[in-house]
1. Within the bounds of the range 13-28, is there any residue that is on the phi < 0 side of the Ramachandran plot and part of a loop (DSSP other than H, G, I, E, B)?
2. Could you check, for the range 198-208, whether at least one of its residues is in contact with a Gly (Cβ under 6 Å, 6 or more places away or on another chain) and part of a loop (DSSP other than H, G, I, E, B)?
3. Kindly indicate which of R82, R48 is basic (K, R), within 28 Å of P224 (Cβ to Cβ) and buried (at least 20 other Cβ atoms within 10 Å of the Cβ).
4. Checking the conditions here, which among Y217, Y225 is free of Cβ contacts under 8 Å to residues at least 40 places away in the same chain, in contact with a strand residue (DSSP E or B) (Cβ under 9 Å, 6 or more places away or on another chain), within 27 Å of N109 (Cα to Cα) and surrounded by 19 or more Cβ atoms within 10 Å (Cβ to Cβ)?
5. Does G135 satisfy the criteria of being among the small types (G, A, S), closer than 22 Å to A80 by Cβ and at pLDDT 90 or above?
6. What residue, among those in the range 259-278 that are in a loop (DSSP other than H, G, I, E, B) and modelled with pLDDT of 95 or more, is surrounded by the most Cβ atoms within 10 Å (Cβ to Cβ)?
7. Using the structure shown, decide if T53 is modelled with pLDDT of 90 or more, among the hydroxyl-bearing types (S, T, Y) and either surrounded by 20 or more Cβ atoms within 10 Å (Cβ to Cβ) or more than 22 Å from S254 (Cα to Cα) (or both).
8. Would you check which residues across the range 150-180 are modelled with pLDDT under 90 and either touching a strand residue (DSSP E or B) at 6+ places or on another chain (Cβ under 6 Å) or part of a strand (DSSP E or B) (or both) and list them?
Amino acid sequence: MPTDTMDPATAVTYGPFIQAAEAQYSSDPGQVNPATITNMPAGYTLVRTIQMTDFLGPEQSRVFYGYVAVGGDPATAVVALRGTESTMEWWDDFHWDLVPFTQVPDGGNVAQGFYGIYQSIGTMTPGQEGGSAPGAFADEVAQAATSGLAADLDPASLPLVVTGHSLGAALATLLVTELNATTALKPQAWTFASPHVGDATFAARYGGLSTVSWRIYNQVDVVPYFPLDISGRYQPVTTGYAINSLGKAKWSLSCAHSLNTYMHILSPATVSLDRACS
């Protein structure tokens, strides 16, 4: 896997995409397929919205989880996946039994909670009814990226970035693994506060991908160390980039894990720290 020097300024540009997804869900949790994304970075066009189903619970209703947008110069497709918001999502997160990641050859094993959610993810045309069947997520993303960018580009060189925070970072890791293994696309991964996703075999499979990947983690954030597995079955994926908010932001579980804290530590001159954590 390429190990170019991590550029904090580049990393910070992807945070607002995730924040827009989180704000969209928070403002109207019942809106499964919004026609527009409020506060999405300027210059980008919404191509697809992303939905998922909590794999536990009596209702198992679909919820908005993120989106695919195209824009910028050079034109880039960005897949943004929000972090954990609901109690049910937290419950899903904490199912740590390892299960096979069957989407890719020699994919190893990944957390049952993440895998259950990943299998449920699909996409929709913004504002319209009818979407893909669960399990078609990677294909839908590949199609959206390809149709949204120049048709004469080699798919292997299509600018595609997958970014996510917390649970979204774990799902982004699974998506990047599948896209690299099953399509000609070579998406970059920029994740924040990702927990451990799978075992050593999965981590090695991910480490062998020919793509740019940065797993940014705060050393005083507990989530990147989950699950606390004394048997050592879980292994972090490459390439890790450590930051530390100690002494730079108020310490609390929520402040240490906040995406805003991550962005502020990466670029204090351009990203103000939320007042609750200052």
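The values are calculated or read from the model by the stated rules, or taken from the named source; none is laboratory data. Fair warning: this is a prediction, and the values are worked out from it, not measured in the lab. A quick note on method: Cβ atoms are made from the backbone with ideal geometry, for glycine too, and the neighbour counts reach across all protein chains shown.
1. Filtering the range 13-28 down to residues on the phi < 0 side of the Ramachandran plot leaves 13-28.
Within this subset, residues satisfying the condition of being part of a loop (DSSP other than H, G, I, E, B) are 28.
Scanning the range 13-28, I find at least one residue that is on the phi < 0 side of the Ramachandran plot and part of a loop (DSSP other than H, G, I, E, B), so the answer is yes.
2. To start, the set of residues in the range 198-208 that are in contact with a Gly (Cβ under 6 Å, 6 or more places away or on another chain) comprises 198-199, 201-202, 205.
Still in the running and part of a loop (DSSP other than H, G, I, E, B): none.
No, the range 198-208 contains no residue that is in contact with a Gly (Cβ under 6 Å, 6 or more places away or on another chain) and part of a loop (DSSP other than H, G, I, E, B).
3. Working: R48 fails: within 28 Å of P224 (Cβ to Cβ).
After applying the criteria, what remains is R82.
4. Working: Y225 fails: surrounded by 19 or more Cβ atoms within 10 Å (Cβ to Cβ).
The unique qualifying residue is Y217.
5. Values: among the small types (G, A, S): yes; closer than 22 Å to A80 by Cβ: yes; at pLDDT 90 or above: no.
Spelling it out, it is not the case that G135 is among the small types (G, A, S), closer than 22 Å to A80 by Cβ and at pLDDT 90 or above.
6. L273
7. Details: modelled with pLDDT of 90 or more: no; among the hydroxyl-bearing types (S, T, Y): yes; either surrounded by 20 or more Cβ atoms within 10 Å (Cβ to Cβ) or more than 22 Å from S254 (Cα to Cα) (or both): yes.
Spelling it out, it is not the case that T53 is modelled with pLDDT of 90 or more, among the hydroxyl-bearing types (S, T, Y) and either surrounded by 20 or more Cβ atoms within 10 Å (Cβ to Cβ) or more than 22 Å from S254 (Cα to Cα) (or both).
8. P159 - this is the single residue of the range 150-180 that is modelled with pLDDT under 90 and either touching a strand residue (DSSP E or B) at 6+ places or on another chain (Cβ under 6 Å) or part of a strand (DSSP E or B) (or both).
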